[in-house]
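Working notes, structure below.
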Amino acid sequence: MSTLSRADVARLAALARIDMSDSDLDRLSGQIAAIVDAVALVSEVAGQDVPATSHPIPMSNVHRADEVRPSLAPADALAAAPEAEDGRFRVPRILGEEA
Amino acid sequence: MTDWTDPTQVTRASALEMADAMRAGTVTSVELVQAHLDRIAAVDGPVHAFLYVNAEEALATAAAVDADRATGAALPLLAGVPIAIKDVLVTKGMPTTAGSRILEGWLPPYDATVTAKVRAARMPILGKTNMDEFAMGSSTEHSGYGPTHNPWDLERIPGGSGGGSSASLAAWETPLAIGSDTGGSIRQPAAVTGTVGVKPTYGGVSRYGAIALASSLDQLGPCARTVADTAALHEVMGGHDVMDATSLDEPVPSCLEAARDGAANGLAGVRIGVVKELGGEGYQDGVKQRFEEGLDHLRALGAEIVEVSCPSFKYALAAYYLILPSEASSNLAKFDSVRFGLRVERDTIEKTMGATRAEGFGDEVKRRIILGTYALSAGYYDAYYGSAQKVRTLIQRDFAAAFEQADVLVSPTAPTTPFKIGERIDDPLAMYLNDVATIPANLAGIPGMSLPAGVAPEDGLPVGFQILAPAHEDARLYRIGAALEKALVAQWGGPLASLAPELEVAP
Amino acid sequence: MTAATHLVGYDDAMKAFDPVFGIEVHVELNTKTKMFCGCENTFGNEPNTQVCPVCLGLPGSMPVTNEKAVESAIRLGLALGCSIRESSRFARKNYFYPDLAKDYQISQYDEPTSYEGELEVVLDDGTVVMIGIERAHMEEDAGKNTHVGGTGGIQGASHSLVDYNRGGVPLVEIVTKPIEGMGERTAEVARAYVATIRDIVRALGISDGRMEQGRLRADVNLSLRPKAADGEDQSAVPFGKRSETKNINSLRAVERSIHYEAGRQAALLLAGQPVVQETRHWHEDTSSTTPGRSKEEAEEYRYFPEPDLLPVEPSREWIEELRATLPEHPAKMRARLREEWGFSDLEMRDAVAADALTLIADTVAAGAAPQAARKWWMGELARTANEQDVTLPELPVTPAHIAELQRLVDEGKINDKLARQALEGVLAGEGSPAEVVASRGLEVVSDDSALEAAVDDALASQPEVLDKIREGKVQAAGAIVGAVMKATRGQADAGRVREIILARAGVEG
Ligand SMILES: [Mg+2]
Ligand SMILES: [Zn+2]
């Protein structure tokens, strides 16, 4: 695992939808690379035959009965929207394609 | 004895004393709330523990409790006792920001489960406390709304991310506060402000309505100035919640009973394990000294002290700084300017999201989101995230082995006393070291407490003593913590916070 | 665009190349509530009226799995012949899009509930094709974007509006293994496969399968590869680059999108140009596809286990309980019923197309003869449904009503014409057929003296009829029968009237 480059940081920031100016990259990419180098310590255990733990307390089959709960009042649903129109959340045009 | 007619003395009482006094009719909830609001007005300028003060509603709640009490109605134990809530919990009708500019002015349309429990316990909510943005930090310097200052020394950090909650307790602005602990954000601030904080067993307190940082690590918990107060608040917050699938379906532990037992009956027969890896090099001398004295007290109380080793802890910090950023990068994706929060408008939604997140998030949040995005990306997942999850298993095994030898484990909570604001702000790796002793508990899901161990002789600043218990055994923390606290308070002549220098009071 | 400007015809494309395809079908489950929250799962409401902190992705909210959705997903997996994982889990699929409230989709990734199945698909000519199922996993649907300005499409829009009512609706995504060797029958097989999935989810009762409402949607992957030389093994030839046509919402479009894509790709390949691996959008109006996102960007989904949810570990006992609830394979059930009922192919196909099989079966079970049941549902009732623009099951009449109606006819209490009037009354909510017959006074007149009087009246005005009958023109009696029916407003027993006329003519009936 090698140190993260400035270009890597720029690409990751784009993937994470965070605009980065040159000065942002100047300030942050070195720090991020240093953190990556430090956390690479975990690779020492990569080869070990140990199961992964994703939940600290093992549990399973926690389900909810298929019963209706009240939804938000429409005014509450839209109250915090930066912009709304016709009961919908309004966003600037979408450049990408539909998923 | 507290003079309940003296507002200065009123705010120095414990929560349980306040509850007793209300029951005895010597003070009203309105008087208590007003005294704390006055204190906030007097000292919070320089301390900056609160992001929002909920004066009107708190007084209304207090008045309703007083009225009900006058009718002789049965009330919950802490009814009428004021409380402060970390701004990570959503509160209907009160702005909730999680310390981030991206949520400035957001009024949630719903209450977190714990908020609802606090309301059901009839506790007036004084306001929302400051925190590192999205709980990312150990100093509260990463708040989007400016740092909180440590009441012991206003030039120093109050710990983080729950520095607002810890400082509000140390500044006598509230007797109780709620915190959240992902890697130590309750315990480390408690340590550096001379207060008490508990991270319950993962799932012991509902996370529903707590703005998620790292879902598999986050846990809400109680903060106070005494172990018994912390226990009482723990019982208010805890319990199963159908809205949180990871919530434990088991009874709330009997924390207060355990605390009373510990204080009354000592610790004969209790085995206490000192974790070899959580001490020594990198720990400040005064911290080590006060920790050792704490061990002496425990021995004197009848406990047996053994040394245990947790060799995988050396990977804990690295694993934590992979798991947390990974989960956080996903949890914080929803801050996209569409349904709530800040929007920096551009001509397309893609550019709008990028600009909004650039402006709304601070540097630490950006660093961690990018780190997490990297750790989860194809080709790196196994090496980073996958390995970190293996470390988690190894750490759980270390704990399991250690708890074979001891009923609880202990260590200093933080390697140092509070450092100066600004000192580590540009050195993330140095900042991360503050949580080296608290992180293993989060990775393993076990409960932990920090309580005051005294002040370091070299700087006169507070030192924290950490106790860790096996999962589901939260009550042990209170038993041992209360016993140790009793011995220390007897030595100090009062709670540690009362040894802090008096804050200047605004006219 | 580098694409060749003219397409190669489907048949030519299939002659020149060997097609390989795969289909992903998304089925919206008909649970009462959404996948991870208690909001109602119903279609067509005012925007953003079925949303809560969870499905709006508000800070602090957390998902909890809908048990009924898990049950439906397991039943579907079993019906597809899949194995059910002892422990499956949800993951987060991370990507930013305004209709995705949390900016990640909760979906199953490396540990889907159902895997490795096989489904029998019967083509129109009876050919049976086995389709390998790779997996069937649970996930949540996204909300809906409406593009404003321009032509209403995403291109040229000034802005978009988002409705999250559909966000969080439970989906099962069924993914086939690559399907090879179908040659020119590729499009037909693809269509029949999706139709079979639709029939199965309906038979299971877990989804209405209505493609036109997007309740069942298909993504079709297609690639072409060179034909193996004579004597060579076709499966040894590597797959070509594939396109994935998204969100196809009719059976016809499944077929036509394959026609189009095969032609487009063949044209490129024949012109020596590469096929780009990409997603494409289907356009119903032009029956063509246009390119969407390129794959490289789309695939950085950063999947990881959903930390807010726990593993799903269905017990063996529960799985066996669910297996016992499985309906017969729709194609097999159709073959069996056709045999039992003695329907022609055409009659069977029409009944299936009209969604009438269950209704007919229930009517037969209630005592009616299969052909009689078919005639009611596919005749009078199909007409009524059509006029009212509703589906057959939505009509306010039950199979028990129809069986009762037919019994009244069979017993001679009413004739066909009266039966239609009785049915009209049932549809108007006047009660059961017997009740309508009683209240409207629709019983056949079988009182001989009244009928004889009516016959004699009619004969008085047409006396020549008796002579014609005596001359052997028995069909002449029809005129008198008609007159009597008219006089009795259709309530006469036509058979009995005929007997009386023949008796009057002195001829044995
Ligand atoms: Mg999918
Ligand atoms: Zn919802």
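Below, the figures for the structure above:
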read-out	value
Qualifying residue in the range C:97-118 (condition: touching a Pro at 6+ places or on another chain (Cβ under 6 Å), of a type in the set (Lys, Arg), open to solvent by 10 Å² or more (accessible area, probe 1.4 Å) and in the same structural domain as residue C:303 (by TED's automatic domain parsing))	no
Some residue of the range C:226-242 being in the same structural domain as residue C:178 (by TED's automatic domain parsing), more than 24 Å from residue C:44 (Cα to Cα) and open to solvent by less than 10 Å² (accessible area, probe 1.4 Å)	no
Which numbered condition residue B:69 misses (of (1) over 17 Å from residue B:32 (Cα atoms); (2) in contact (Cβ under 8 Å) with a residue 40 or more places away in the chain)	(1)
Residues satisfying the stated conditions in the range C:47-76, i.e. touching a residue at least 60 places away in the same chain (Cβ under 8 Å), at the interface with another protein chain (Cβ under 7 Å from one of its Cβ atoms) and away from ligand 2 (no atom under 13 Å from the Cβ)	C:47, C:65, C:70
Filtered residues of the range C:356-377 (kept if outside any loop (DSSP other than H, G, I, E, B), open to solvent by less than 50 Å² (accessible area, probe 1.4 Å) and hydrophobic (A, V, I, L, M, F, W, C))	C:357, C:359, C:360, C:361, C:364, C:372, C:373, C:376, C:377
Among the residues listed as C:482, C:495, the single one being assigned to a helix (DSSP H, G or I), modelled with pLDDT under 85 and either farther than 21 Å from residue C:416 by Cβ or open to solvent by less than 70 Å² (accessible area, probe 1.4 Å) (or both)	C:495
Any hit, the range C:136-152, residues being among the charged types (D, E, K, R), surrounded by fewer than 21 Cβ atoms within 10 Å (Cβ to Cβ), facing another protein chain (nearest Cβ under 10 Å) and more than 16 Å from ligand 1 (Cβ to nearest atom)	yes
Search result, residues across the range B:74-86 that are more than 12 Å from the chain's Cα centre (by Cα) and open to solvent by less than 10 Å² (accessible area, probe 1.4 Å)	B:78, B:79, B:80, B:81, B:82, B:83
Only listed residue being within 29 Å of residue C:110 (Cβ to Cβ), assigned to a loop (DSSP other than H, G, I, E, B), open to solvent by less than 60 Å² (accessible area, probe 1.4 Å) and of a type in the set (D, E, K, R), chosen from C:302, C:280	C:302
Scan of the range C:12-44 for residues that are more than 12 Å from chain A (Cβ to nearest Cβ), away from ligand 2 (no atom under 16 Å from the Cβ) and not in a strand (DSSP E or B), ordered by number	C:12, C:13, C:14, C:15, C:16, C:44
Candidate set from the range A:7-28 (those that are more than 8 Å from chain B (Cβ to nearest Cβ) and within 23 Å of residue B:382 (Cα to Cα)); member that is least open to solvent (accessible area, probe 1.4 Å)	A:10
Check on residue B:413, more than 7 Å from every other protein chain (Cβ to nearest Cβ), among the polar types (S, T, N, Q), farther than 23 Å from residue A:25 by Cβ and touching a residue at least 12 places away in the same chain (Cβ under 8 Å)	yes
Pair list, Cβ < 9 Å and 6+ apart or interchain, from the range B:14-39 residues that are assigned to a loop (DSSP other than H, G, I, E, B) to residues that are among the aromatic types (Phe, Trp, Tyr)	B:26/B:4; B:27/B:4
The range B:424-459: number of residues that are part of a loop (DSSP other than H, G, I, E, B) and in contact (Cβ under 8 Å) with a residue 40 or more places away in the chain	12
Scope the range C:250-265; condition part of a helix (DSSP H, G or I) and open to solvent by 10 Å² or more (accessible area, probe 1.4 Å); matching residues	C:251, C:252, C:255, C:256, C:259, C:260, C:264
Some residue of the range C:225-238 being touching a Lys or Arg at 6+ places or on another chain (Cβ under 6 Å) and farther than 24 Å from residue C:120 by Cβ	yes
Within the range C:92-181, strands (runs of 3 or more DSSP E) holding 1 or more residues that are within 16 Å of ligand 2 (Cβ to nearest atom) and touching an Asp or Glu at 6+ places or on another chain (Cβ under 9 Å)	C:104-107, C:128-140, C:144-148, C:159-163, C:170-176
Residue pairs meeting the criteria (Cβ under 8 Å; at least 6 apart or on separate chains; first at the interface with chain C (Cβ under 7 Å from one of its Cβ atoms), in the range A:63-85; second within 16 Å of ligand 1 (Cβ to nearest atom))	A:66/C:69
Residue list for the range B:308-356, restricted to those being of a type in the set (Asp, Glu) and more than 24 Å from residue A:37 (Cβ to Cβ)	B:336, B:345, B:347, B:350
Matching residues, the range A:87-99, being at pLDDT 95 or above and either more than 7 Å from chain C (Cβ to nearest Cβ) or within 12 Å of residue C:160 (Cβ to Cβ) (or both)	A:88, A:89, A:90, A:91, A:92
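Yes/no per residue for (1) open to solvent by 10 Å² or more (accessible area, probe 1.4 Å); (2) away from ligand 1 (no atom under 16 Å from the Cβ); (3) within 24 Å of residue A:63 (Cβ to Cβ):
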position: C:21; (1), (2), (3): no, yes, no
position: C:26; (1), (2), (3): yes, no, yes
position: C:29; (1), (2), (3): no, no, yes
position: C:35; (1), (2), (3): no, no, yes
position: C:42; (1), (2), (3): yes, yes, yes
position: C:45; (1), (2), (3): yes, yes, no
position: C:48; (1), (2), (3): no, yes, no
position: C:51; (1), (2), (3): no, yes, yes
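Per-residue answers, yes or no, for (1) in a loop (DSSP other than H, G, I, E, B); (2) under 15 Å from the mean Cα position of the chain (by Cα):
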{"site": "B:231", "(1), (2)": "no, yes"}
{"site": "B:259", "(1), (2)": "no, no"}
{"site": "B:273", "(1), (2)": "no, no"}
{"site": "B:279", "(1), (2)": "yes, no"}
{"site": "B:286", "(1), (2)": "no, no"}
{"site": "B:290", "(1), (2)": "no, no"}
{"site": "B:293", "(1), (2)": "no, no"}
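Yes/no matrix, rows are residues, columns are (1) within 16 Å of ligand 1 (Cβ to nearest atom); (2) over 22 Å from the mean Cα position of the chain (by Cα); (3) at negative phi:
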{"position": "C:66", "(1), (2), (3)": "no, yes, yes"}
{"position": "C:71", "(1), (2), (3)": "no, no, yes"}
{"position": "C:86", "(1), (2), (3)": "no, yes, yes"}
{"position": "C:95", "(1), (2), (3)": "yes, yes, yes"}
{"position": "C:98", "(1), (2), (3)": "no, yes, yes"}
{"position": "C:111", "(1), (2), (3)": "yes, yes, yes"}
{"position": "C:121", "(1), (2), (3)": "no, no, yes"}
{"position": "C:126", "(1), (2), (3)": "no, no, no"}
{"position": "C:132", "(1), (2), (3)": "no, no, yes"}
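The values are calculated or read from the model by the stated rules, or taken from the named source; none is laboratory data. Everything numeric in this text was worked out from a predicted model, so none of it was measured. Backbone-built Cβ (ideal geometry, glycine too); neighbour counts: all protein chains shown. Ligands, DNA and RNA are stripped out before the accessible areas are found, and what is left, the full protein with its side chains, is counted by its heavy atoms. Shrake-Rupley method; radii C 1.70, N 1.55, O 1.52, S 1.80 Å.
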